[in-house]
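Just so you know, all these numbers are worked out from the coordinates, no wet-lab data involved. Remember, predicted model here, so these are calculated numbers, not experimental data. As a convention, Cβ positions derive from the backbone with ideal geometry for all residues, glycine included, and neighbour counts pool all protein chains shown.
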Amino acid sequence: MQTNPEKDTELRLKVNSETARLPWRELEKHYAQGNVVWVANELDLVEVAVRISHDDKASIAQWMGDGKVAKVSDQQALEWHTNDASLWAVVVSPFILVQQDKPTKH
């Protein structure tokens, strides 16, 4: 089945409404199960979630190849735990996508 994530406004709105800031400590058990995926700040978290929902293998492979989407590393997890970080998160079962705050532009 060919999907068209660019035009899936309904899913985009649903994903956007389900995006929330969560303390890393609440995500650690999911990380331990290997289900937490980091999304680079230059990507739109909602867009990535929509593309994963549509199984857009080409976009996902490109982002992974560019190092912009990856399973959370042990180093990231330790840093977030140490800093008591809060991250943007959204569920795309079975994964939880997370993203740090985007740097503010001065």
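Return the residue satisfying two criteria in turn: it lies in the range 16-38 and is within 24 Å of Asp66 (Cα to Cα) and among the aliphatic types (A, V, I, L, M), and of such residues it is surrounded by the most Cβ atoms within 10 Å (Cβ to Cβ).
Val36
Of all residues in the range 60-72 being aliphatic (A, V, I, L, M) and crowded, with 18+ Cβ neighbours inside 10 Å, which is nearest to the chain's Cα centre (by Cα)?
Out of the qualifying residues, it is Val69.
What do you reckon, is Ile60 among the aliphatic types (A, V, I, L, M), in a helix (DSSP H, G or I) and touching a Lys or Arg at 6+ places or on another chain (Cβ under 7 Å)?
In short, yes.
Condition check ((1) touching a helix residue (DSSP H, G or I) at 6+ places or on another chain (Cβ under 7 Å); (2) under 27 Å from Glu6 (Cα atoms); (3) among the basic types (Lys, Arg)) across all residues:
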site: Gln33; (1), (2), (3): no, no, no
site: Trp38; (1), (2), (3): yes, yes, no
site: Asp56; (1), (2), (3): yes, yes, no
site: Ala77; (1), (2), (3): yes, no, no
site: Leu87; (1), (2), (3): yes, yes, no
site: Val90; (1), (2), (3): yes, yes, no
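Just to check your reading of the model, which residue among Val98, Val48 is in a helix (DSSP H, G or I), β-branched (Val, Ile, Thr) and at negative phi?
Step by step, each of Val98, Val48 is checked, and only Val48 is in a helix (DSSP H, G or I), β-branched (Val, Ile, Thr) and at negative phi.
Please go through the range 73-92 and pick out each residue that is surrounded by 12 or more Cβ atoms within 10 Å (Cβ to Cβ), among the hydrophobic types (A, V, I, L, M, F, W, C) and in a helix (DSSP H, G or I).
Of everything in the range 73-92, those that are surrounded by 12 or more Cβ atoms within 10 Å (Cβ to Cβ), among the hydrophobic types (A, V, I, L, M, F, W, C) and in a helix (DSSP H, G or I) turn out to be Ala77, Trp80.
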